[in-house]
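Participant: For reference, the structure I am asking about is given below.
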Amino acid sequence: MSTSQITVVIPVYNREKYIEKALNSVLKQTYTQWQMIIINDGSTDKTGEIIKRFTDEKRIRHIQYEKNRGTGKALQSALKEIQTPYFVILDSDDWFEPDTLKVLVKEMDKQPETTSLICANSNVWKERVDKTSKVYLLKNRSFQDKYDFLRYGPAIYPRCMRTATVRRVGGFANDDPHGGRFDEDRYLLLKLIGISNFHWIDKTLYNVLTHEGNTTRRENRKYFKEAKKYIFTKILKQWGDEYEPVFAIAEDGWLYIKKLKPKKEGVKRIN
């Protein structure tokens, strides 16, 4: 019987250039009692062939779909397969630091069941023609409450979650205008922080690679905008419908909440 506490979930679509580095970063972990679920979401390049080189490893399960369904649906299907109390998402073009899983499991074991997520800091890398170089450290922080997180712009990495709590909120939703293809992770985290707490570790445990094929590339910002508006509006209604969001667009094209206007007298103003 496995003594693993954590499953690494990797959703992947056409990442033949990057998937091997992601997989190797898990194989090189100092914590070895992990499981892995790779959801190959209809890749049409050599991604599947590369993954098959790793599937002799008993800790790795490879689930392959013929057609691309989007990250949210891929992650929801993985959620049904997880057999460990915790899981962490690794994007297929990113990679872990060697002690990432060891630190995450140790910290999550310390937390009460009211903590549903642990995050930390991440190095952000830029892929260029001649080389890949580190451009900055993305340092996250703790959150005062759910509204503080709602207005927090950066993506948080790594995202280590308590499996039972994720299942309790229904997992990864796909009811937004683009069927869970954009901001599916933030959607889930907003559902989680509505009923639980997040814990931040001031350590660098994750590496984010920016490149021209990222889902977050500028040409997709309009789709993120539509998904975000839907998600934020729906979440605020679920949280008691006390605030009206005032949206704005940043110079880089990202939608954000400029302020929250109270809908009723006596509701605390959030600027």
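Participant: Just give me the residues in the stretch 194-235 being open to solvent by less than 30 Å² (accessible area, probe 1.4 Å), without any contact (Cβ under 8 Å) to a residue 60 or more places away in the chain and touching a strand residue (DSSP E or B) at 6+ places or on another chain (Cβ under 8 Å), in sequence order.
Facilitator: 224, 228
Participant: Anything in the stretch 169-193 that is surrounded by fewer than 22 Cβ atoms within 10 Å (Cβ to Cβ) and not in a helix (DSSP H, G or I)? List them, or say none.
Facilitator: Of everything in the stretch 169-193, those that are surrounded by fewer than 22 Cβ atoms within 10 Å (Cβ to Cβ) and not in a helix (DSSP H, G or I) turn out to be 169, 170, 171, 173, 174, 175, 176, 177, 178, 179, 181.
Participant: Quick one: residue 230 ticks every box in (1) touching a Pro at 6+ places or on another chain (Cβ under 7 Å); (2) assigned to a loop (DSSP other than H, G, I, E, B) except a single one, so which number is it?
Facilitator: (2)
Participant: Now a separate question. Assess whether residue 45 counts as being in contact with an Asp or Glu (Cβ under 6 Å, 6 or more places away or on another chain), open to solvent by less than 70 Å² (accessible area, probe 1.4 Å) and of a type outside the set (Gly, Ala, Ser). Spell out how you get there, then give the answer.
Facilitator: Numbers: in contact with an Asp or Glu (Cβ under 6 Å, 6 or more places away or on another chain): yes; open to solvent by less than 70 Å² (accessible area, probe 1.4 Å): yes; of a type outside the set (Gly, Ala, Ser): yes.
Yes, satisfied.
Participant: Report the residue count in the stretch 236-267 for those that are open to solvent by less than 70 Å² (accessible area, probe 1.4 Å) and assigned to a strand (DSSP E or B).
Facilitator: Of the residues in the stretch 236-267, 9 are open to solvent by less than 70 Å² (accessible area, probe 1.4 Å) and assigned to a strand (DSSP E or B).
Participant: For residues that are polar (S, T, N, Q) and in contact (Cβ under 8 Å) with a residue 40 or more places away in the chain, scanning just the stretch 25-34, find the one that is farthest from residue 125 (Cα to Cα). Before you say what the answer is, go through the steps one by one.
Facilitator: The first filter runs over the stretch 25-34 and keeps only residues polar (S, T, N, Q), leaving 25, 29-30, 32-33.
Right, trim to in contact (Cβ under 8 Å) with a residue 40 or more places away in the chain and you get 25, 29-30.
Numbers: 25: 16, 29: 20, 30: 23 Å.
Ranking the qualifying residues of the stretch 25-34, first place goes to 30.
Participant: Taking the stretch 14-36 as the search range and keeping residues that are of a type outside the set (Gly, Ala, Ser), within 19 Å of the chain's Cα centre (by Cα) and closer than 28 Å to residue 164 by Cβ, which one is surrounded by the fewest Cβ atoms within 10 Å (Cβ to Cβ)?
Facilitator: Step one: filter the stretch 14-36 for residues of a type outside the set (Gly, Ala, Ser), giving 14-21, 23-24, 26-36.
With within 19 Å of the chain's Cα centre (by Cα) added as a condition, the list becomes 14-15, 18-19, 21, 23, 26, 34-36.
The next check asks that each one be closer than 28 Å to residue 164 by Cβ; those that pass are 23, 26, 34-36.
Numbers: 23: 24, 26: 22, 34: 22, 35: 20, 36: 22.
Among those residues, the one meeting the criterion is 35.
Participant: Tell me the strands (runs of 3 or more DSSP E) entirely within the stretch 57-168 that contain at least 2 residues that are touching a residue at least 60 places away in the same chain (Cβ under 8 Å) and open to solvent by less than 50 Å² (accessible area, probe 1.4 Å). So that I can check it myself, show each step before the final result.
Facilitator: Values: elements: 60-65, 86-89, 115-127, 132-138, 159-162.
Hits in the stretch 57-168: 86-89, 115-127, 159-162.
The values are calculated or read from the model by the stated rules, or taken from the named source; none is laboratory data. Note that the coordinates shown come from a computational prediction; the quantities given were computed from them, not determined experimentally. In this analysis, Cβ positions are derived from the backbone assuming ideal geometry, glycine residues included, and neighbour counts consider all displayed protein chains. These area figures cover heavy atoms from the full protein model, side chains too; ligands, DNA and RNA do not enter into them. Shrake-Rupley method; radii C 1.70, N 1.55, O 1.52, S 1.80 Å.
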